[in-house]
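The values are calculated or read from the model by the stated rules, or taken from the named source; none is laboratory data. In this text, all values refer to a predicted model and were calculated from it rather than measured experimentally. Cβ: placed from backbone, ideal geometry, glycine included. Neighbour counts: every protein chain shown. The area values use the complete protein model at the heavy-atom level, side chains included, leaving out ligands, DNA and RNA. Shrake-Rupley method; radii C 1.70, N 1.55, O 1.52, S 1.80 Å.
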Amino acid sequence: MRARYGVPLGIAAAGAAGLLYSAGFEARSFRLRRVTVPVLPSGMRPLRVLQVSDIHMVSGQRKKQRWLRSLAGLRPDFVINTGDNLSDPEGIPEVLDALGPLMEFPGAYVFGSNDYYGPRFRNPALYLWEKVQGRHGLNGNPPAVGVAHIPWEDMRDAFDAAGWLNLTNTRGTLKIDGVSLELTGLDDPHIKRDRYEQVAGGPSDSADFSMGVVHAPYLRTLDAFTADGYPLVLAGHTHGGQLCIPFYGALVTNCDLDTDRVKGLSTHTAEGRTSYLHVSAGCGTNRYTPVRFACPPEATLLTLVGRE
């Protein structure tokens with residue numbers, strides 16, 4: 001009896017322990033990463049940019065709200081929000097409360113699909129199947145049906161009222177201690193809302209520094225930003241793979257980006273030019289799959305310094 005049932009029970013116990021760890025501990029183990037990026041023109045003072053992404057707020061997530069509020073203590077020069085703030089149509093007040101202290105700083109934002117549409121349950125295995133088939137989001141898949149629409153306009157209006165730049169398929173400029181920062185953004189490529197032709201042409205001559213911002217790092221957007229000469233692109237969306245294998249890494253990115261660049265700082269090359277790419281693993285999860293494994297939730301403080 002013991003030999004017959006011991007192994008299956010051991011496997012079940014290990015699975016339960018892993019689920020408890022990934023949902024009860026790691027998904028709530030928020031941390032800050034620090035990255036230095038040599039992209040500024042020579043002689044310009046370093047700039048500290050805080051990137052927050054993929055918050056996926058659900059009502060009642062008090063620990064996440066407290067942690068996000070605490071990030072204001074970093075005193076960044078500016079904040080970039082790369083989208084997917086929500087995983088609950090009722091979560092907008094709590095997002096705005098959590099980001100309130102950060103909205104005291106200059107900033108900018110783009111939206112992701114979950115800012116427009118409420119989440120629904122998906123079998124996690126579908127992400128692997130779509131990767132094999134080369135289909136992601138609405139890029140090759142049929143249009144989403146039966147999804148809940150989120151009153152995202154309220155969140156947009158609050159960000160705008162705080163002075164954050166709305167980078168939805170447009171450009172904007174921040175002034176930081178006399179430095180002119182040009183930010184060029186796109187709406188979410190994951191649901192085919194990106195319109196690069198509306199912002200094409202590369203950095204403006206009048207800006208001291210320019211960078212690209214997008215929620216989902218699809219290759220078509222990275223190619224366009226890089227070919228146009230942007231030295232840095234910030235993105236989110238991937239959750240860092242969310243469920244990773246220790247000592248191996250991510251299995252999926254939920255877009256056509258390779259898993260080697262699923263999170264953190266890397267480079268991208270197109271048409272003979274190279275840009276730095278930073279992909280945030282984000283600090284949340286879909287409310288129906290509230291687990292992370294070997295991929296803790298994060299925000300990133302990037303220190304931009306002069307080119308070597």
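At a glance:
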{"read-out": "For region 97-169 versus region 252-304, the gap between their alpha-carbon centres in whole angstrom", "value": "15 Å"}
{"read-out": "Stokes-Einstein translational diffusion, region 168-280 - Kirkwood Rh over all Cα pairs, 1.567 mPa s, 4 °C, in µm²/s", "value": "90 µm²/s"}
{"read-out": "Percent antiparallel among DSSP beta bridges (both partners in the chain, rounded to 5)", "value": "40 percent"}
{"read-out": "Antiparallel bridges, percent of DSSP beta bridges restricted to region 216-295 (to nearest 5)", "value": "60 percent"}
{"read-out": "For the chain: rounded, prolate or oblate by the Cα gyration tensor [a/c cutoff 1.5]", "value": "prolate"}
{"read-out": "Residue-wise HN-Hα coupling along region 83-90, computed from phi with Karplus coefficients 6.51, -1.76, 1.60 (Hz; x: Gly, Pro)", "value": "x, 6, 6, 10, 9, 7, x, 9"}
{"read-out": "Net charge dipole size for region 192-298 [Lys, Arg +1 and Asp, Glu -1 on Cβ; Debye, nearest 20]", "value": "500 debye"}
{"read-out": "1.4 Å probe accessible area per residue over region 81-234, in Å²", "value": "40 Å²"}
{"read-out": "Structure-based [θ]222 nm, the chain - -39500 (n - 2.57) summed over DSSP H runs of at least 4, per residue, nearest 500", "value": "-7000 deg cm²/dmol"}
{"read-out": "Square roots of 5 times each gyration tensor eigenvalue, C-alpha, region 237-303, largest first, Å", "value": "23, 13, 11"}
{"read-out": "Antiparallel DSSP beta bridges within region 168-218, as percent of all bridges there, nearest 5", "value": "60 percent"}
{"read-out": "Label point 7 Å beyond Cα of SER29 along Cβ direction - residues of region 265-300 with amide nitrogen under 13 Å", "value": "292-298"}
{"read-out": "Helix axis angle, 152-161 relative to the chain longest principal axis, alpha carbon, degrees", "value": "40 degrees"}
{"read-out": "Accessible carbon and sulfur surface of the chain relative to its total accessible area, %, 1.4 Å", "value": "55 percent"}
{"read-out": "Vicinal HN-Hα couplings computed from phi for region 212-222 (Karplus, 6.51 cos²θ - 1.76 cosθ + 1.60; Hz; Gly/Pro x)", "value": "x, 9, 7, 6, 9, x, 5, 4, 5, 6, 5"}
{"read-out": "Furthest towards positive pole of dipole, VAL132, PRO142, THR173, structure part region 124-184, Cβ charges", "value": "VAL132"}
{"read-out": "In order through region 176-190: 3J(HN,Hα) via Karplus (6.51 cos²θ - 1.76 cosθ + 1.60), integer Hz, x for Gly, Pro", "value": "10, 6, x, 8, 9, 10, 9, 10, 10, x, 10, 6, 5, x, 5"}
{"read-out": "Residues whose placed amide H lies under 5 Å from that of ARG33, excluding near-sequence neighbours", "value": "ALA299, THR300, LEU301"}
{"read-out": "Efficiency of FRET from Cβ geometry, THR170 and LEU126, R₀ 41 Å, rounded to 0.05", "value": "0.80"}
{"read-out": "Candidates ILE245, ILE55, ILE191: whichever shows maximal mean-square fluctuation once the chain is modelled as a Gaussian network with Cα springs under 10 Å", "value": "ILE245"}
{"read-out": "Rel. contact order, % - alpha carbon contacts under 8 angstrom, at least six apart, the chain", "value": "27 percent"}
{"read-out": "Amide hydrogen neighbours beyond the local backbone of ARG195, cut-off 5 Å, H modeled", "value": "ASP187"}
{"read-out": "Label point distance in nm, ILE245-TYR288, each placed 7 Å from Cα along Cα→Cβ", "value": "2.6 nm"}
{"read-out": "Lysine pairs meeting the criterion (Cα under 24 Å, 8 or more apart or interchain), as found in the chain", "value": "5"}
